[in-house]
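A short worksheet on the structure shown next.
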Amino acid sequence: MLGRGKPEELAVRHICGVDEVGRGPLAGAVVAAAVILDPARPIEGLADSKKLSEKRREALFEQITEQALAWSLGRAEVEEIDRINILQASLLAMQRAVEGLAVAPDHALVDGNKLPQLPCSAEAIVGGDDSEPCIAAASILAKVTRDREMVALDARYPGYGLARHKGYPTKVHLEALREQGVSPIHRRSFGPVRRILQGE
């Protein structure tokens with residue numbers, strides 16, 4: 001007898017953390033990450049990406065991608081967000097991240113209260129990026145990746161301030177939308193964007 005727990009729990013080996021970034025912005029894709037940490041190579045300082053400085057996130061990003069047993073990114077584009085809604089697009093991005101892992105997970109810990117369709121057992125954990133290191137690692141990969149994308153998009157679509165607010169509905173962003181109009185990377189199904197398109 002190895003101890004308490006169901007046989008299937010005792011058999012769990014590879015646990016992946018899953019998180020997404022970008023549900024609230026008016027522009028850009030929603031990006032998810034899945035991470036299986038290596039117990040033999042622990043990473044210090046993992047925490048909810050929103051609570052870390054940009055410099056710290058960047059440093060941890062390099063450490064996670066180098067030391068994790070496996071990691072993968074998934075995404076859903078603006079067109080998909082507008083077609084299936086942001087919740088379903090977020091779940092799809094998370095599903096794609098898990099399916100992209102080079103090591104098959106036995107179990108997934110997903111931040112939030114909804115589960116995507118996954119090829120393994122899973123549980124949703126509200127505030128998981130604060131309590132589970134593997135979810136925190138996923139949140140860091142997703143946020144750094146998406147932030148970098150928004151900086152790149154700022155160069156392609158100048159004037160909106162994307163590098164600064166990362167697409168979130170700040171006052172500066174909403175004013176720029178009214179002045180410049182809606183770009184191809186804006187989410188047309190989101191209220192503020194839809195109202196501008198309708199001329200309100």
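Results, tabulated for the structure shown:
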| read-out | value |
| --- | --- |
| Computed [θ] at 222 nm, deg cm²/dmol, the chain (DSSP H ≥ 4; -39,500 (n - 2.57); rounded to nearest 500) | -13000 deg cm²/dmol |
| Amide H contacts of ALA122 (H built 1.01 Å from N, under 5 Å, at least 5 apart or other chain) | ALA108 |
| Integer Hz, Karplus 6.51/-1.76/1.60 couplings in order for region 109-123, x for Gly and Pro | 10, 10, 5, x, 10, 10, 10, x, 6, 10, x, 8, 5, 7, 9 |
| Computed label-point distance, nm, for sites ASN85 and ARG195 using a 7 Å Cα→Cβ extension | 2.1 nm |
| Two-site label geometry, GLU123 and TYR168: point separation in nm, points 7 Å out along Cα→Cβ | 3.0 nm |
| Alpha-carbon centroids, region 61-127 and region 37-56: separation in whole Å | 18 Å |
| Region 83-200 - Kirkwood radius from inverse mean 1/r over Cα pairs (Å) | 16.3 Å |
| Vicinal HN-Hα couplings computed from phi for region 33-48 (Karplus, 6.51 cos²θ - 1.76 cosθ + 1.60; Hz; Gly/Pro x) | 9, 10, 9, 10, 6, 9, x, 7, 10, x, 10, 7, x, 5, 7, 3 |
| Antiparallel %, DSSP beta bridges [both residues in the chain], to 5 | 60 percent |
| Theoretical FRET efficiency, 1/(1+(r/R0)^6), r = Cβ-Cβ of ASP106 and ARG156, R0 41 Å, to 0.05 | 0.50 |
| Reported label for calculated Rg and Dmax of the Cα atoms in Å given [x] 17.1, 53; [y] 18.1, 69; [z] 18.2, 60 | [y] |
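Since every read-out is calculated from the coordinates, none of them should be taken as a lab result. Since the model is a prediction, treat every value here as computed from it, not as a measurement. In this analysis, Cβ positions are derived from the backbone assuming ideal geometry, glycine residues included, and neighbour counts consider all displayed protein chains.
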